[in-house]
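Notes follow the structure.
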2 protein chains.
Amino acid sequence: MPDPMYRRIAEDLRQKIESGELGHGTQLPTELELREQYEASRNTVRDAVKWLISRGLVETRPGQGTFVVEMTDPFVTFLSVPETGGLEGVSYASEVTALGRKPTITPPRVEIQLATGAVAGALRLSEGATVVSRHQQRFIDDTPWSLQTTFYPMRFVEAGAVRLIQAADIGEGVVKYFTTALGIKQIGYSDKILVRSPDPNETVFFKLPDDGRVAVVEVLRTGYDENGDPIRVTATAYPADRNQFVFNVGHVPEEIAGPTGGQATPANGAPSKGG
Amino acid sequence: MPDPMYRRIAEDLRQKIESGELGHGTQLPTELELREQYEASRNTVRDAVKWLISRGLVETRPGQGTFVVEMTDPFVTFLSVPETGGLEGVSYASEVTALGRKPTITPPRVEIQLATGAVAGALRLSEGATVVSRHQQRFIDDTPWSLQTTFYPMRFVEAGAVRLIQAADIGEGVVKYFTTALGIKQIGYSDKILVRSPDPNETVFFKLPDDGRVAVVEVLRTGYDENGDPIRVTATAYPADRNQFVFNVGHVPEEIAGPTGGQATPANGAPSKGG
DNA sequence: CCGTATTTGTTCGTATGTATT
DNA sequence: CAATACATACGAACAAATACG
């Protein structure tokens, strides 16, 4: 018996789940039943269930039981632009409706702030410089989907882009608005993607389990003008368990758009025999 | 008392960690000391510590104690190609050495397999068609960094690209080899990024904690030729806690290369006042 | 190398609270 | 209201890993 008992119980249940013997949504035996099946104490079977929870394989519902998690089909976000059409022409709304879902965006919450570390660095401002932040919550089919905050240097407002500090959506997009209002063109952007644990706000908004099991993907997009100067930085947070991201480079056939369904790992594992 | 006790203990410790009162690498009070400080039982303070572990804030070392985790500075992978230069000209090795680290790649493990769901779909082959897989383990400074498997349709081998089925690295890159050997040019690729929990192989190779807390980022890259036909699909898995990914679109200034250090969320949270 | 103290890991028992049916 | 099922909390004992003399 190399492994502790709660691990052996957990591996046994895991095998039953992954083999399909316990399908999505089905209820596991109750703690009392597991205790009898494995001849362990209730605390020990609870440790096994906790291990499964930390893998995202099951969830517990007080008063009901323990259930194999249902897989929601992931939403795919395109972070690159189609070859045809201007830079970043597609908006959030068009991305989503194209897939037959109903997008919602809250009106922006606008704040005037002092730039801190990461934002100041990305915008090449000194710490403490004034920036405008515009924060929006985005939903798909009434499900919370992402939290987005964009930071702009205050000089753009002073130069006449006053709609930045109005709490109303800029329908045509800020990129186009900058072109018409200021003559500033965004000719490129850089996306940095990282995965981290959610902060308390994100946990509440996305209704994530409060054990921090589900990570968030943060996409940091910095836009540049013709002089190579950064004109804005956008931080968007997505729950990692319901999102995928696609980048196309060069020429890619059209059909590679919709969700392709199965995303199981194509055997990145051990060799068929030996190691 | 709204929250359970173990949560209040955990939040208190969390606050001490995030405020810097408990710096990286420092030891937390022992379970016995915590039990005295918070007047709770050992099991309760252990539940609090488990909550911190699941957030990746601390780690326990049997026989030693509980410690605030050390942050390793993340490695940045560029998934887009520089504007100058051919499609996908940069190789893994040059990406890494440019940042002053020593890359290592194992010789490929070559297998002949039957295409399954995801791979068959991406390569537009029928299920059960023959494919060649080439699997490599990649290290940086002797730290396991990624697991990569590329799948090619067998027809390329039959057409003369015999080096695909040799267990030796293809120094100039498979993309270039395809051009010289077969006259096939990759004119674009599509990257799909997703986050999932590690499988047992990845847990061992990356030395991840066996509680599945650290996710892996999987990058699925499908390459296309001039006819829009897929010529290969590469699946690369990275531990989510040590990696970031950068995509550049359009024109982006040169300096946006090195690790920019701080990756704290730039305030995607609640408003300064109210909700 | 050995033995001891310290610290976390595992397992059991028990009691009580809370959510759902 | 009662029954069921999971959540929290306490106490206890022994095992395993580590550090130190």
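The values are calculated or read from the model by the stated rules, or taken from the named source; none is laboratory data. The shown structure was predicted, so the numbers you read here are calculated from the model rather than taken from an experiment. Glycine also receives a Cβ, built like all others from the backbone with ideal geometry; neighbour counts cover every protein chain displayed.
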Next on the checklist: With the structure loaded, tell me whether B:THR180 is in a helix (DSSP H, G or I) and modelled with pLDDT under 90 or whether it fails that test.
Outcome noted: no
Item to check | Unique match (being within 14 Å of DNA strand D (Cβ to nearest atom), acidic (Asp, Glu) and within 14 Å of chain A (Cβ to nearest Cβ)) among B:GLU36, B:GLU18, B:GLU11, B:GLU31 | outcome: B:GLU11
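Go over the candidates B:PRO266, B:PRO253, B:PRO259, B:PRO271 one by one and state the one that is over 25 Å from A:PHE206 (Cβ atoms), modelled with pLDDT under 90 and within 8 Å of chain A (Cβ to nearest Cβ). Talk me through it step by step, then tell me what you get.
Working: B:PRO266 fails: over 25 Å from A:PHE206 (Cβ atoms); B:PRO259 fails: within 8 Å of chain A (Cβ to nearest Cβ); B:PRO271 fails: over 25 Å from A:PHE206 (Cβ atoms).
Exactly one residue qualifies, and that residue is B:PRO253.
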Checklist entry - Going through segment A:11-33 one residue at a time, which ones are part of a helix (DSSP H, G or I), within 16 Å of DNA strand C (Cβ to nearest atom) and under 25 Å from B:PRO200 (Cα atoms)? => result A:GLU11, A:ASP12, A:LEU13, A:ARG14
Checklist entry - away from DNA strand C (no atom under 16 Å from the Cβ) and at pLDDT below 95 - does that describe any residue in segment B:54-71? => result yes
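Being within 14 Å of another protein chain (Cβ to nearest Cβ), more than 14 Å from DNA strand D (Cβ to nearest atom), of a type in the set (Gly, Ala, Ser) and out of contact with any strand residue (DSSP E or B) (no Cβ under 6 Å at 6 or more places or on another chain): is that true of A:GLY56 here?
Numbers: within 14 Å of another protein chain (Cβ to nearest Cβ): yes; more than 14 Å from DNA strand D (Cβ to nearest atom): yes; of a type in the set (Gly, Ala, Ser): yes; out of contact with any strand residue (DSSP E or B) (no Cβ under 6 Å at 6 or more places or on another chain): yes.
Taking the combined requirement at face value, the residue satisfies it.
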Next on the checklist: Looking at segment B:186-233 only, could you name the residues that are at the interface with another protein chain (Cβ under 7 Å from one of its Cβ atoms) and assigned to a loop (DSSP other than H, G, I, E, B)?
Outcome noted: B:SER197, B:ASP199, B:ASP211, B:GLY212, B:ARG213, B:ALA215, B:GLY228
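Out of all the residues in segment A:34-76, which are part of a helix (DSSP H, G or I) and of a type in the set (Ser, Thr, Tyr)?
Scanning segment A:34-76 gives A:TYR38, A:THR44, A:SER54.
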